[in-house]
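Structure first, then comments.
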Amino acid sequence: MPKPMMMPYKRHAIMCCGKSCGENLPLLNYLKDQVVAAGLVVGDPDAVRVNRAGCLGVCIEGPVMVVYPEGVWYCNLNQSAIDRIIEEHFRGGRVVEEFAFYKM
């Protein structure tokens, strides 16, 4: 039986959309839209896959997002924070320390 194929992504961003983080689907959709607008799609060397999680288990200061493979956890997210993470982390490779609370 053939194994599933995964499109090539440099990073995987998983945002909490659980009740404690405000069920923030509008912010998740903003993240998805901005990733596409930045051209971080399949074919770009910095492509980012965005998914939601029901709860990431760190409910203080949500919304929360984790970015792999770096294992960087971000909190207190809003549209401005997302814009900075896309530009500085996803494009520039630099963690946005102001919003990061854990790094592997």
Quiz item: Given H placed on each backbone N at 1.01 Å, which residues far from H12 in sequence or on other chains put an amide H within less than 5 Å of it?
Solution: R49, Y68
Exercise. Determine, for the chain, the count of lysine pairs separated by eight or more sequence positions (or lying on different chains) whose alpha-carbon distance falls under 23 Å.
Key: 4
Practice problem: Give, rounded to the nearest 20 debye, the magnitude of the charge dipole that the chain has about its Cα centre when Lys and Arg contribute +1 at Cβ and Asp and Glu contribute -1 at Cβ. | Solution: 400 debye
Practice problem: Please report, as a whole percent, how much of the solvent-accessible surface of region 1-61 comes from carbon and sulfur atoms (probe radius 1.4 Å). | Solution: 60 percent
Quiz prompt | Mean accessible surface per residue for region 1-88, computed with a 1.4 Å probe while every protein chain stays in place, in Å² | solution = 57 Å²
Exercise. For the chain, find the longest principal axis of its Cα atoms and tell me its angle to the long axis of helix 25-37, 0 to 90°, nearest 10.
Key: 40 degrees
Self-check item: Pairwise FRET efficiency - Y102 versus K19, Cβ, R0 = 25 Å, nearest 0.05
Solution: 0.70
Exercise. Provide the FRET efficiency to the nearest 0.05 for the D33-K3 pair, computing r from the beta carbons and using R0 = 22 Å.
Key: 0.10
Quiz prompt | Nearest-0.05 FRET efficiency for A53 and R91, computed from C-beta distance (R0 25 Å) | solution = 0.60
Quiz prompt | Separation between Cα centres of region 1-26 and region 35-104, rounded to whole Å | solution = 11 Å
Self-check item: Volume per residue that the Cα convex hull of the chain spans, once the total is divided by residue count, Å³
Solution: 113 Å³
Self-check item: Paramagnetic reach from D44 (point 7 Å along Cα→Cβ, amide N under 18 Å) across region 14-28
Solution: 14-15, 28
Self-check item: Contact order normalised by residue count of the chain, Cα under 8 Å, 6+ apart, percent
Solution: 30 percent
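The values are calculated or read from the model by the stated rules, or taken from the named source; none is laboratory data. All figures in this text were calculated on a predicted structure; none of them were measured in a lab. Using ideal geometry, Cβ is built from the backbone for each residue, glycine included, and neighbour counts are taken over all protein chains shown. The protein model used for the area step is the full one, side chains on, heavy atoms only, and it has no ligands, DNA or RNA in it. Shrake-Rupley method; radii C 1.70, N 1.55, O 1.52, S 1.80 Å.
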